[in-house]
Amino acid sequence: ASDFPLKKGDALRQDVYERTKGALQARAQDLGYLDAGFAVHTIRVNRAARSAGIDLELATGPRYYFDGVTLEGASEYPDRFLRRYLAFRPGEPFSYAKLGETQLNFGNSDRFKEVIVTPRKEAAKDREVPVDIRLAPSPPKRLRPGVGYGTDTGARISLNYQDVNLWRKGHELQGELSLAQRRQAAAGKYILPDRRTVSSYTSLDL
């Protein structure tokens, strides 16, 4: 291919060749071709002519797709709330990148101390791969005291409260109380997550 890093006139570098092979196979697998492998992978060296030729043929095999998702370990959260964090839907082409994005979505939610995402290719039927997600929730209620000093407020103490699973619906409540020499403040926030996506929510502030 025209974008292959080893071109006519270049020095033959085994490391570049092997790295490119790995990248091609990984790219094919991330597009859902989980059985992708090289039917031909040969370097032909002619020492007398000080030249080399490369024969490389990638056999992708059939394309795989996502099947259903099994969620375990977080029964205190509504199933519909948890599925907002999935970066894929059943029927879409299988993608390791989408699995990684899903794991990040769960991890960045600040609700889980452990997230294990496992595709089960061995259980695939009609090239549809089921996915198991094991979750270990963090404590939903957090209380954080603090002390400090500011030139505009003087000495201060603060208390922050957070509940990330209010009413067992995934709603979030935040409260902050700050007492300082020259200023006192209280603030509260109630966050209602969107029912379909993790990137949208409604926030009520006081």
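Taking the condition in contact with a helix residue (DSSP H, G or I) (Cβ under 9 Å, 6 or more places away or on another chain), of a type in the set (Phe, Trp, Tyr) and more than 16 Å from PRO119 (Cα to Cα), does PHE4 pass?
Numbers: in contact with a helix residue (DSSP H, G or I) (Cβ under 9 Å, 6 or more places away or on another chain): yes; of a type in the set (Phe, Trp, Tyr): yes; more than 16 Å from PRO119 (Cα to Cα): yes.
Considered against the rule, which asks whether it is in contact with a helix residue (DSSP H, G or I) (Cβ under 9 Å, 6 or more places away or on another chain), of a type in the set (Phe, Trp, Tyr) and more than 16 Å from PRO119 (Cα to Cα), PHE4 comes out as yes.
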Does GLY73 satisfy the condition of being within 34 Å of the chain's Cα centre (by Cα), under 24 Å from GLU18 (Cα atoms) and not charged (D, E, K, R)? no
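What strands (runs of 3 or more DSSP E) completely inside the range 32-111 contain at least 3 residues that are at pLDDT below 95 and open to solvent by 50 Å² or more (accessible area, probe 1.4 Å)?
Working: elements: 37-46, 51-59, 65-72.
Filter on the range 32-111 gives 37-46, 51-59.
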GLY61 - would you say it is within 18 Å of LYS121 (Cα to Cα) and more than 20 Å from the chain's Cα centre (by Cα)? yes
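Kindly indicate which of GLU114, GLU128 is at pLDDT 95 or above and more than 17 Å from the chain's Cα centre (by Cα).
Values: GLU114 fails: more than 17 Å from the chain's Cα centre (by Cα).
Exactly one of GLU114, GLU128 is at pLDDT 95 or above and more than 17 Å from the chain's Cα centre (by Cα), namely GLU128.
Out of the residues in the range 142-195 meeting the condition of being among the hydrophobic types (A, V, I, L, M, F, W, C) and touching a Lys or Arg at 6+ places or on another chain (Cβ under 8 Å), tell me which one is nearest to PHE81 (Cα to Cα).
Within the range 142-195, the first condition is being among the hydrophobic types (A, V, I, L, M, F, W, C), and the residues that meet it are 143, 147, 155, 157, 159, 164, 166-167, 173, 177, 179-180, 185-187, 191-192.
So of that shortlist, the ones also touching a Lys or Arg at 6+ places or on another chain (Cβ under 8 Å) come out as 147, 159, 164, 173, 179-180.
Values: VAL147: 35, LEU159: 29, VAL164: 12, LEU173: 16, LEU179: 36, ALA180: 39 Å.
This residue is VAL164.
The values are calculated or read from the model by the stated rules, or taken from the named source; none is laboratory data. Source: prediction; values computed, not measured. A quick note on method: Cβ atoms are made from the backbone with ideal geometry, for glycine too, and the neighbour counts reach across all protein chains shown. For accessibility, only protein heavy atoms count, side chains too; no ligands or nucleic acids. Shrake-Rupley method; radii C 1.70, N 1.55, O 1.52, S 1.80 Å.
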